[in-house]
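**Q** Below is the structure I would like to discuss, written out as structure tokens.
Nothing in this text is a laboratory measurement; each read-out follows from the coordinates by a stated rule. What you see is a predicted model, and the numbers here were worked out from it, not measured in a lab. Quick reminder, even Gly has a Cβ in these numbers, built from the backbone with ideal geometry, and neighbours come from all protein chains shown.
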Amino acid sequence: MEENQNMKRPVLETLRQVVSAVVCAFPGGRECAAARLGYELKRFDNHVYENAGSRPLSYDQIHLLERDAGTTFLPEFIASVYGGMYVPLVAPEALDNVELYTRTVNTAAKRGVVDQIIEKALADGVIEEDEAKAILQAHSRYQAARHAEVMATIQLHSEGGEQ
């Protein structure tokens, strides 16, 4: 599950960081990402790094790469810009009790991460600004996982299987 891989990853703070993370996560790296968008590598790099007057990749292009890479950097970034959180919802056909159990375990693990970060931050008796930021980012991931878990439970067990 992609969520487990990203449990401790910080929310990216700039669109450039998002694009870089997507390209790094893309199967086969830069060369394959460039080919997926139909660019030669040099032209792709110009768009990624906004060199030579090139415009950055569009949201549609980033989304296409993310679908192939199985990442959610862009929606997480956009949600964080607005002070929100990204909550991925599951397709109804992918829901069953095993998936719900997996979501429950994942949610509990994310809460554990929040508690671990708080414990570590309190070791010296003071929560520093960077520690507070890490706590809030982990807490946002926990809340998003919990919301997705609740929505999946409702969706699976509602009349007709959908809410």
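**Q** Using each residue's phi in region 80-85, evaluate 6.51 cos²θ - 1.76 cosθ + 1.60 at θ = phi - 60° and report the 3J(HN,Hα) Karplus result to the nearest Hz, with x for Gly and Pro.
**A** 3J(HN,Hα) across region 80-85, in whole Hz: 5, 4, 9, x, x, 9.
**Q** A further question follows. For the chain, what does the alpha-carbon gyration tensor say about shape, rounded, prolate or oblate, given a ≥ b ≥ c as the root eigenvalues, a/c under 1.5 as rounded, and a/b over b/c as prolate?
**A** It is oblate, given that a/c is not under 1.5 and a/b is not larger than b/c.
**Q** Once you keep just the Cα pairs under 8 angstrom separated by 6 or more residues, what percentage relative contact order results for the chain?
**A** Relative contact order, the chain: 25 percent.
**Q** So how far apart, in nm, are the two label points at Tyr49 and Asp115 if each is 7 Å from Cα heading toward Cβ?
**A** 4.5 nm
**Q** Taking only the Cα atoms of region 92-161, how large is their convex hull per residue, in Å³?
**A** 68 Å³
**Q** Can you give the convex hull volume of the alpha carbon atoms of region 23-103 per residue, in Å³?
**A** Hull volume over Cα atoms, normalised by residue count, gives 123 Å³.
**Q** Compute the length gained on full extension between Met151 and Val87: take 0.36 nm times their separation in residues and subtract their Cα-Cα distance, giving the result in nm to one decimal.
**A** Roughly 22.1 nm would be gained on extension.
**Q** Summarise the long-distance tail of P(r) for region 78-132 by giving the % of C-alpha pairs beyond 16 Å.
**A** Here the long-distance tail beyond 16 Å is 64 percent of all Cα pairs in region 78-132.
**Q** Counting helices only, and only those DSSP H runs with n ≥ 4, report the 222 nm mean residue ellipticity of the chain as the sum of -39,500 (n - 2.57) divided by its residues, in deg cm²/dmol to the nearest 500.
**A** -21000 deg cm²/dmol
**Q** Name the chymotrypsin sites (Phe, Trp or Tyr not before Pro) in region 73-163 that are in a loop by DSSP and that have at most 10 other C-beta atoms within 10 Å, would you?
**A** Here the sparse-neighbourhood loop sites are Tyr82.
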